[in-house]
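Only one structure is covered here, and it is reproduced in the block below.
The values are calculated or read from the model by the stated rules, or taken from the named source; none is laboratory data. Owing to the predicted nature of the structure, the values given are computational and were not obtained by experimental measurement. Note that each Cβ is placed from the backbone with ideal geometry, even for glycine, and that neighbours are counted across all protein chains shown. Just the protein is used for accessible areas: all its heavy atoms, side chains included, with ligands, DNA and RNA removed. Shrake-Rupley method; radii C 1.70, N 1.55, O 1.52, S 1.80 Å.
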Amino acid sequence: MKKTVLTIDDSRTMRDMLLMALEDAGYTVIQAVDGIDGLETLAAQGADVVITDINMPRMDGFGFIEGMRADPNHRTTPCLVLTTESDAEKKARARAAGATGWIVKPFDPVKLVDAVRRVAA
Amino acid sequence: MDAFEAIKATFFQECDELLAELESKLMLLEQGQTDLETINAVFRAVHSVKGGAGAFGLEALVRFAHVFETLMDELRAGRKPCDTVTIKTLLRASDVLADHIQAAQGLAPPVDEERSAGLVHELELLTHGGEAPPVVEEDEDDFGFVPMAFDVPLDEPLPSLGEPEAVAPEAQTGWRILFKPHGRMYGSANEAGLLLRELGRLGPITVSVDDSALPTLDVLVAEDGYLTWTIDLTAAIEEKVVREVFDFVEADCDLTISPLGGGAEPVLAFEDEPPAVLPASDELDIAALLAKAAGGAPAAEPAPVAVAPAPAPEPEPEPAPAAPAPAPAPAPVAAAPAPVAPIPPAQVAAPVAPAPVTIRVDLDRVDRLINVVGELVIQQAMLSQRVLESGLARSSGIALGLEDLELLTREIQDSVMAIRAQPVKSVFQRMPRLVREVADMVSKQVRLVTAGEDTEVDKTVVERLAEPITHMLRNAIDHGLETPDERVAAGKTAEGTVRLAALHRSGRIVIEISDDGRGINRERVKKIAIDKGLVAPDAALTDEQIDNLIFLPGFSTAAVVSDISGRGVGMDVVKRSIQALGGRISISSVPGKGSTFTLSLPLTLAVLDGMVVSAADQILIAPLPAIVESLTPQEGDLHYVGGVDPVIRFRDRFLPLIDVAMTMGFRDTPVVPSEGVAVVVETEGGQQAALLFDAIQGQRQVVIKSLETNYQQVEGIAAATILGDGRVALILDVDVLVTDMRRRSSRPDFKLAS
Amino acid sequence: MTEANDSQRELIAFRIGRQEFCVDIMSVREIRGWTPATPLPRSPGYMKGVINLRGTVLPIIDLGARFGLETSEPTARHVIMVAHIGGRMVGLLVDAVSDILEMNEASVQPTPDVASDQVKTFVKGIFSIDGRMISLIELDHILPHIEAEAA
C-alpha cells in the first residue's frame, strides 16, 4: 500500500518540490497551505507522515504540531518539521511541540525521502 | 522543460507575488501599522524567497535574503525597534531583493556588488548594532539532519533488509548499542521499533530488551526510562553512522554506543523476562511486523498507541508510575486548543492567492477560448445578417430567437474577456519603488498615493501600462513637483503628493496621474513651442491647447536634460506608446496647484474601435483613435502641389490628401476628391494627413485577426477582421499609409491581380 | 514535410487548365468551393487575397499563376484546397480536384528539362498513371517569403 504524506507549506515552490521528491519515491502526497488547512486536511484525509513548514500565515508549524498531537488519532503520526532555521532553539521548540524530526532546507530529495522513510511506520 | 525547471519557474512566479506582498506590507509599516502580524508577513515573504532560492542554489539571493530575514526576525521578536530609519532601510532592501531575484532569473545583470553589500551592511548594523556580520548558516548544525552514508533507492521507500549484508559480508566487527528512551520520545511519535528497523538496515542485529532498567550510565534519568534496549549490530561501519540513526531522538533518550568485541556476542538474559532475541537474517522484516501490528492501516487507525513495535513489550508512557501526566510530550504547550485561529480569514491566503478560491490556468487556454468566442460573435453576426436579408419578419420566432442568441453571445464574450482581465495592481505595485528612487535622485520629498488598484483590464493592456505610467510619474516628480524649499516658500508642505489612480469610464480604463506641484508654466511652454517652430508665433491658443503642446514631438521643457525624465524620452513618446495601444492622453493644469495627466485605454487589445469605410468596392477599417475628424472635401479647399500631389486645407493648415484605394492599388485612376470623404488622421508621430475614401459606413468594434498567422505582414495593413457578412476586411495601418506610402503613391510596385 | 522513401503515398490530384498536378494528401486539410477573396494591397499577382475560413484569415494563392500558367478569373466552379504549409494554413486555388491516387515513391521520375524554370521550382517530379502525366508538387516553396522566414 502506498503511504500518504501530508505536506504543509505556504510556499507553492516548496509544495511542488516536496511533491516531486515524494511522488518520485512512490508516496501519495496531499497538500495544505498553512497550519489550519493542515489540521483540516489531516482530519479529513489522514496521513502516514506529515511534513510541515514552520513559518506560515494563520497558523504556524508549531501550532499545527500542537493541534495534531492534541488529536488522539494523530498523536503517533510522525511529523517532520521543514525549516531553514537550524538553530537549536527552534528544534527544541519543535520537539517540545511534538515534532518527530526535522529536515533542514534546502533539502536534498534523497535526504528528504530517507527522513520520511525513517519515521514512517 | 523538466520538472525541476518547472518548479523553478513556479518559484520565480511566486517571488513576484511575494515581492508584491512584501511591498504592500512595507507600505503598511511605513504608514505606521507596525503590528506583529504585518512584521511577520514581511518576515515570511523574505523567508519564503530565501527558502526557495536555497533549493535552487541561488547563492547571491540566499545570502541577501538571509541578512534581510535576520533583521526581520529581530524585529518580530521585539528585540529591535521598527522605527522610521529601519523601515526606510527595509524598503530599500526590498528593492535590492527584487533586483537579486531579477538577476537570479537572468532577466537582469547581477546586482551591483557595492549596492548590495552596502545594504547588507545597513541591515546588519540594524540587526547587531555594528557587530561583525555572521556567516550565512547553510550547513546543518549538530541537530540538523545529516545525510546517511548509504544510498536509498528513490523508487523504493522501504528497501529490503538484505542489502546491508552485501555491504560488509565478511565483517565481524560491530557495535553494541544501549538505548534507553525517555517517555518524551514517544510523545513525538518516534518509535523504538522504527529505530531498530533503521539499525537493521545497517547490518544484522541482535536485540534484547531489559525492563528492569539497569542504569549503567551516570547521566541516566531513571524516572523516564522503563526499558533498555541492547542491540548488537554486526557491521563494519563508523560509529557516526550508527549515531545518525538516533539523530531525531538523541535528546529524548540515553544512548551508548560501544565497539563490539568481534562477532555477535550472546545477549544477557534477564530474570523476569526472556530476552526477545531476534535473529538477524534476510527473513526478518521489522517493517512488515510493525505494519501487521498496526493493522495495516495506520492512517485510519483510531487508537493512539496502536502502532506498536512488535518485537518487544510496548514502552507506553501510561503505565509509568513516575510519569506525572498521561501525555508527557506536549506538556509545555498542551493547553493550547490550537485550531482556533484568532486571525480573520480575510488575511489568510494572501501569499497563496488573491481571492479565496482561484485556479491557475494556462494563458494559452484562455486565449484559445477568447479566439473561439470571437469567432462565435462573428458567426452570430453573420447569421443575423442572413436572416435579415432573407426578409423574415422582425417578430418571427427565428428573429426573436436570434436576438436572444445575440445577447447571450455578448455575455459570453464579456465573461471570457473578464477571465483574462487583471487588476492594475501588479503595475501599481512597482511604482512606490520608482517614486522613492526618483525622489532620492532629484532630492524631493514625495508621497505616492494610489487608488483603484483593483480596476481590471485585459492582461495584454496591463503589461503595457507600466512604461507610460513610469514615464509620467517620473515627469510628475521631476517637472511637476517643486523642491521642498520652493514648496515651503509657496506655502505648501515640503512633501509633495503624486496620485496614481485607475478607474473604469465608458468601457475604457482611465489612468490619472496628478501632482500638487507648480502646474504648467504656459508662457514658457508657448515660448518654447514658438522658438522650436512647433506653432506659429501669432497662433491664438487656448490654455488647454498650450498645455497639450508638451506632447508635440521635439518638445522638452527641461533646459538641462536631467537624468530622470531626460534620456531622450519626452511626453511625445509617452503619447505615441499610448496611441499604439489605441489610447488617448490629455493634460489639465492649474498654475501653482498642480497638473493631472489622464490617459484612457481600451480594456482589451483583442478588439478595436474602428470606422468602417469603403474604397473602390473594398471595405476597410480605420482605427478610431487615429482619426481626428472626417469631412467632405470642398473644391475650394483642394490644391495640387506641383500640379500633382493633392493637399487639403484643414484648420488653416494644408494636409496631404491620400487616395487610399489608389495607393493600395485597388484602382488605377484617382477618384474626384469632392465625391469622396476625407478622414483626417494623426500618426503616432503627430503627423496629420487626410485619407480619401469613397464613403463612411459607420463605426464598429471589430475583432482583430493577425495576417501574419497564415501569411505575412502587408505594408499599410495593421491586421484584418471579419465583418458581419463573413468577408474579411483589412484594418489600415495609418502610420505607414501617411508616412511611407504617400511617397510612392505615384508609382505602385505591384498592381492588384485582376 | 512528409517524406517516406519506397513507401506508398496517397496523393490528391487536381487540374489547372489542361495539366494535372498532385500533392501529398497529408498536407491537405479540406477542399471547398471558391468564395470571393478580399484583395491584399501590394501583393504579387498570384495572391488572390484572404478569405474567412471559420474565423481564420486564410490567404489564397492562385496556384496556376504561381506556376506561371495562364489563369482566368475564378468562378464558383473553382476549388480551394486548404493546405498546411510549414505551420501555416493556406488556400490553394485550382480548377478542379480530379482524383485520389496511390503511388510508390520509386515511380517518380525527375522533372524533364523541357519544363520551364518556374514550374521546376515547384515540381518535385513526374509520374504517369493510366497514361496521364501527373506532376508532383512540393508545397514548401509556394510561399516564397515565408520560406525565408522559416529558415
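At-a-glance table
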{"item": "Separation in nanometres of the label points that stand 7 Å from Cα toward Cβ, at residue B:504 and residue C:75", "result": "5.5"}
{"item": "CD proxy at 222 nm, helix term only [per DSSP H run n ≥ 4: -39500 (n - 2.57); per residue of chain A; nearest 500]", "result": "-14000 deg cm²/dmol"}
{"item": "Chain lengthening between residue C:98 and residue C:15 when straightened (0.36 nm per residue, less Cα-Cα)", "result": "29.2 nm"}
{"item": "Residues of the stretch A:88-121 buried by at least 40 Å² on assembly (accessible area, 1.4 Å probe, chain alone as reference)", "result": "A:95, A:96, A:100, A:102, A:104, A:106, A:110, A:111, A:114, A:117, A:118, A:121"}
{"item": "FRET efficiency for residue B:410 and residue A:23, using Cβ-Cβ distance with R0 set to 41 Å, rounded to 0.05", "result": "0.40"}
{"item": "Computed E for residue C:32/residue C:128 - FRET, C-beta separation, R0 25 angstrom, nearest 0.05", "result": "0.30"}
{"item": "Residue-span extension gain [residue B:527 to residue B:584] - 0.36 nm each, minus C-alpha spacing", "result": "18.0 nm"}
{"item": "Buried accessible area, chains B and A (both chains, 1.4 Å probe, Å² to nearest 100)", "result": "6000"}
{"item": "Separation in nanometres of the label points that stand 7 Å from Cα toward Cβ, at residue B:372 and residue B:59", "result": "5.0"}
{"item": "Rounded to whole Å, sorted largest first: equivalent-ellipsoid semi-axes of chain C, Cα gyration tensor", "result": "24, 17, 16"}
{"item": "Size of the stretch A:4-119 as Cα extents on the principal axes (Å, biggest first)", "result": "33, 32, 26"}
{"item": "Isotropic mean projected area of the C-alpha convex hull, the stretch B:56-106 (nm²)", "result": "3.6"}
{"item": "Whole-number percent relative contact order across the stretch A:4-119, with pairs defined as alpha carbons under 8 Å at least 6 apart", "result": "24"}
{"item": "Amide H contacts under 5 Å for residue A:102, placed H, 5+ residues apart", "result": "A:81"}
{"item": "Inter-label distance for residue B:493 and residue B:536, nm, one decimal - labels placed 7 Å from Cα along Cα-to-Cβ", "result": "4.7"}
{"item": "FRET efficiency estimate (nearest 0.05) - Cβ-Cβ, residue B:440 to residue B:117, R0 22 angstrom", "result": "0.70"}
{"item": "Debye, to nearest 20: dipole size of chain A, +1 on Lys, Arg Cβ, -1 on Asp, Glu Cβ", "result": "400"}
{"item": "Å² of accessible area per residue within the stretch B:364-422, as computed with a 1.4 Å probe and no ligands counted", "result": "66"}
{"item": "Nonlocal amide H pairs with residue A:8, under 5 Å, H built at 1.01 Å", "result": "A:32, A:51, A:52, A:53"}
{"item": "Net dipole in debye of the stretch B:424-602 [+1 Lys, Arg Cβ; -1 Asp, Glu Cβ; about Cα centre; nearest 20]", "result": "180"}
{"item": "Residues of the stretch B:590-634 with amide N under 15 Å of a point placed 7 Å along Cα→Cβ from residue B:695", "result": "B:612-620"}
{"item": "Relative contact order for the stretch B:372-531, counting Cα pairs under 8 Å that sit 6 or more residues apart, in percent", "result": "20"}
{"item": "Shape metrics for the stretch B:424-602, restricted to C-alpha atoms - Rg then Dmax, Å", "result": "15.9, 47"}
{"item": "Global form of the stretch B:596-649, assessed from the alpha-carbon gyration tensor, a/c cut-off 1.5", "result": "oblate"}
{"item": "Total formal charge among the other residues, if their Cβ is under 12 angstrom from that of residue B:88, Lys/Arg +1 and Asp/Glu -1", "result": "-3"}
{"item": "Set A:3/B:180; B:88/B:444; B:444/B:492; B:425/B:575 screened for pairs whose C-alpha atoms are more than 18 Å apart", "result": "A:3/B:180; B:425/B:575"}
{"item": "Convex hull volume per residue in cubic angstrom - Cα atoms of the stretch B:607-751", "result": "115"}
